[in-house]
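Reviewing the structure listed below.
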Amino acid sequence: MSSPNRSYRVVQAGPEHDAGMARLLEESAFDGPIAVSYRRRPSVIASYKKEADEGLLYVLLHGPEEAVVGMGAVTIRSVWLNGRWQRMAYLSGLRITPAHQKAFLLIPRMYERMYQSTKDQVDLYLTTIVSDNTDVIRMFEKKRRAMPEYRFETELETYLIGSKPVRKEAQIRPQERKTNGCADPAWLAARGARFFGTGENYGYLLKPYWKQYLIKSYRGAYRLLSVLPTEKFFLPRFPKPGTDASYLAAGVYADHDMPRIVDTLRRQTPADFLMLSAVQGSPLAAHLKRLTPVVYRTRLYQVLFHEAEPQDLRGLAVDVSFL
């Protein structure tokens, strides 16, 4: 009897797979109080390459027509970590269509392809899982011989905060910070980031036009909030279902004056909301919690291939532009 796995194969994605990956992403809405579909138009491949120094995608193909039924991505960037610049790879975009869940056993093959194609240029592999996705958490935290180890590091919180009346301030040229997890300011600037604050303590705004958040529906309290003029209270504005959110990614690298920097970012450009990520329990998270009721939580993992030694990630700065 032939193995069902023979009808599947994993390959590096090319332009011919772009439309299939786009369908897969748009069909894979994240459910919950705010149901969202993450889209990457006009090109999935170009989108991943835009947000990284290097972006590699792999697809799971099925049958003689080689339909795209699964995918995964690895994006590589430089971050300052443990006293030196390191190359960080973020594993994301893992999707399999419900009709082909049996092919989950091929995911190790996809991960191994990601690792083999990047191991000579990557120092650290990270990924995240939405905290209330308990089935996926159990699946990946269970150690399997064919899979890399998912080592839990910390809970991350991503806050959606509202804009305030525009009050333009002069932009600055930030200095390079030697703080765990900080991105190279030149890398951010090359993608359109604008910086505010002082040289050493600053925040940035970035419009990631290469990826979109399509609002599918609201539930519970968010359904009520979505019909209220929340922007009048400087809370996030809730786009109508069926539309893309107008949002900005933001980051804060500061040891002091953090509230003023956050306030400055909120006053630069009108938007439905700004997205800011912080480690749970950090000073930044404590401040953002006072500004908005809209927050989603994810678990950060260090992905260890072939029993690699983990790195110390204490004090890691979390940048929503990396997630």
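Around ASP132, with a cut-off of 12 angstrom between Cβ atoms, what is the net charge of the other residues, counting Lys and Arg +1 and Asp and Glu -1?
-1
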For region 136-144, Karplus couplings with θ = phi - 60° (6.51, -1.76, 1.60), whole Hz, Gly/Pro x: 5, 4, 4, 5, 7, 6, 6, 6, 10
Span from the region 1-76 Cα centroid across to the region 143-212 one, whole angstrom: 25
Distant alpha-carbon pairs in the chain (separation over 36 angstrom), percent: 18
Leading residue at positive end of dipole, region 61-141 (Cβ point charges), from THR118, LEU81, ILE96: LEU81
Electrostatic dipole magnitude of the chain [Cβ: Lys, Arg +1; Asp, Glu -1; Cα centre; debye, to 20]: 680
Spin-label zone in region 73-109 - amide nitrogen under 18 Å from a point set 7 Å from the Cα of SER7 along the C-beta vector: 96-107
Among beta bridges that DSSP assigns inside region 48-207, antiparallel share in %, nearest 5: 85
Paramagnetic reach from TYR222 in region 272-296 [backbone N under 14 Å; point 7 Å along Cα→Cβ]: 273, 293-296
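Tally the DSSP beta bridges in region 172-323 and give the antiparallel ones as a percent, rounded to 5.
Numbers: 10 of 13 bridges.
Expressed as a percentage, antiparallel bridges in region 172-323 total about 75.
Quick check of the Kirkwood formula: for region 1-160, what is the inverse mean of 1/r over all pairs of different Cα atoms, in Å? The partial results should precede the final answer.
Values: mean 1/r = 0.0590 Å⁻¹.
One decimal place: 16.9 Å for the Kirkwood radius.
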Under the Karplus curve 6.51 cos²θ - 1.76 cosθ + 1.60, θ = phi - 60°, whole-Hz ³J(HN,Hα) for region 114-127, x wherever Gly or Pro sits: 4, 5, 4, 7, 10, 4, 7, 10, 10, 9, 8, 10, 10, 7
Average accessible area per residue (Å²) across region 221-306 - probe 1.4 Å, nucleic acids and ligands excluded: 46
Percent carbon-and-sulfur accessible area, the chain, ignoring ligands, DNA and RNA, probe 1.4 Å: 53
Candidates ILE161, ILE137, ILE215, ranked by Gaussian network fluctuation over the chain, Cα under 10 Å, top entry: ILE137
Stretchable slack from ASP53 to ALA35, in nm (0.36 nm times residue separation minus alpha-carbon distance): 3.5 nm
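Taking only the Cα atoms of region 224-281, how large is their convex hull per residue, in Å³?
Numbers: hull volume 6.9 nm³, N = 58.
Once divided by residue count, the hull of region 224-281 is 119 Å³.
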Folded to 0 to 90 degrees: helix 18-27 orientation relative to the chain principal axis, Cα: 70
Solvent exposure, largest accessible area first (probe 1.4 Å, DNA, RNA and ligands not counted), of ASP120, ASP255: ASP120, ASP255
Label-point gap, in nm, between ARG167 and MET139 - each point 7 angstrom along Cα→Cβ: 4.8
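The values are calculated or read from the model by the stated rules, or taken from the named source; none is laboratory data. Only a predicted model underlies this, so the values are computations on that prediction, with no experimental measurement involved. Cβ atoms come from the backbone with ideal geometry, glycine included; neighbour counts cover every protein chain shown. Accessible surface is based on the protein model in full, side chains and every heavy atom, while ligands, DNA and RNA are left aside. Shrake-Rupley method; radii C 1.70, N 1.55, O 1.52, S 1.80 Å.
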